[in-house]
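Here the structure is laid out as structure tokens; the discussion comes afterwards.
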Amino acid sequence: MKNILVCDDDKEIVDAIEIYLQQEGYHILKAYDGEQALEVLREQEVHLLIIDVMMPKLDGIRATLKIREESSIPIIILSAKSEDADKILGLNIGADDYVTKPFNPLELVARVKSQLRRYTQLGNAAESSQRIYQVGGLIINDDLKEVTVDDELVKLTPIEYNILLLLVKNQGKVFSINQIYESIWNEDAIGADNTVAVHIRHIREKIEINPKEPRYLKVVWGVGYKIEKSK
């Protein structure tokens, strides 16, 4: 049974989310501010976090930043704000998805399932033979789910890893933003530009010495992104 931590200072929202997720067979852990969420994460195994942005003591933004220092569990941010800037902020700090209040509970359940499926696949090495992909000093071991650059281990979130793996496995091929979104999120790319761009920027910051002059992850203006082929 997967443990899902729901953190919101509105107890009615937490209880409502619990009802829907329990019906899907998940075990729900509860917190009502960011400090409580961090405490639960230290004491219990959590497979996914749903966290509100605006909360007392420690808000969802700062809590997510702290969590990302040690964990790559899927994080879905909740917020009453619908502006693109707030969505980008959530993704910028390491969240995997973003749901705007008021939300359709069935949509939230679908997003939870999607994130857990992706995270579970990321944690399983199904084949015994090592699947290693290399571009210069960038190496992906897809069995260990490890990325190294110039022998230094790089920590990526599940979505960042999957985007990078897609591009590395198809060296030289240019993927449009919509192609990347549909391949990774498995849903139609509606308004995907900002979402993909934020994750691409994060990947560059982690794998490039100088993200403004990337060695690996290149932009093809007006078309999309690609990983430069090894020479």
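The values are calculated or read from the model by the stated rules, or taken from the named source; none is laboratory data. As the structure is a computational prediction, the values presented were derived from the model and not from experiment. So basically every Cβ, Gly included, is an ideal-geometry build from the backbone, and we count neighbours across all protein chains shown. Each accessible area value is taken on the protein alone, full model and side chains, heavy atoms only, with ligands, DNA and RNA left out. Shrake-Rupley method; radii C 1.70, N 1.55, O 1.52, S 1.80 Å.
When residues of region 19-33 are filtered for being assigned to a strand (DSSP E or B) and either open to solvent by 30 Å² or more (accessible area, probe 1.4 Å) or modelled with pLDDT under 95 (or both), how many remain?
Adding up the residues that qualify gives 2.
Pick out the one residue from Lys226, Lys231, Lys218 that is at pLDDT below 90 and out of contact with any His (no Cβ under 9 Å at 6 or more places or on another chain).
Lys231
Filter region 82-115 down to the residues that are surrounded by fewer than 14 Cβ atoms within 10 Å (Cβ to Cβ) and either of a type in the set (Lys, Arg) or in contact (Cβ under 8 Å) with a residue 40 or more places away in the chain (or both) and list them by number.
Across region 82-115, the qualifying residues are Asp84, Leu106.
Out of all the residues in region 34-52, which are open to solvent by less than 40 Å² (accessible area, probe 1.4 Å) and either at pLDDT 95 or above or within 21 Å of Leu116 (Cα to Cα) (or both)?
Across region 34-52, the qualifying residues are Ala37, Leu38, Val40, Val46, His47, Leu48, Leu49, Ile50, Ile51, Asp52.
Which one of Glu213, Glu205 is open to solvent by 90 Å² or more (accessible area, probe 1.4 Å), modelled with pLDDT of 90 or more and among the acidic types (Asp, Glu)?
Going through Glu213, Glu205 in turn, the sole match is Glu205.
Would you check which residues across region 138-170 are part of a loop (DSSP other than H, G, I, E, B) and within 19 Å of His202 (Cβ to Cβ) and list them?
Lys145, Asp150, Lys155, Leu156, Thr157
Are any residues in region 171-217 more than 26 Å from Lys113 (Cα to Cα), in a loop (DSSP other than H, G, I, E, B) and touching a Phe, Trp or Tyr at 6+ places or on another chain (Cβ under 9 Å), and if so, which ones?
Gln171, Val174, Glu208 - these are the residues of region 171-217 that are more than 26 Å from Lys113 (Cα to Cα), in a loop (DSSP other than H, G, I, E, B) and touching a Phe, Trp or Tyr at 6+ places or on another chain (Cβ under 9 Å).
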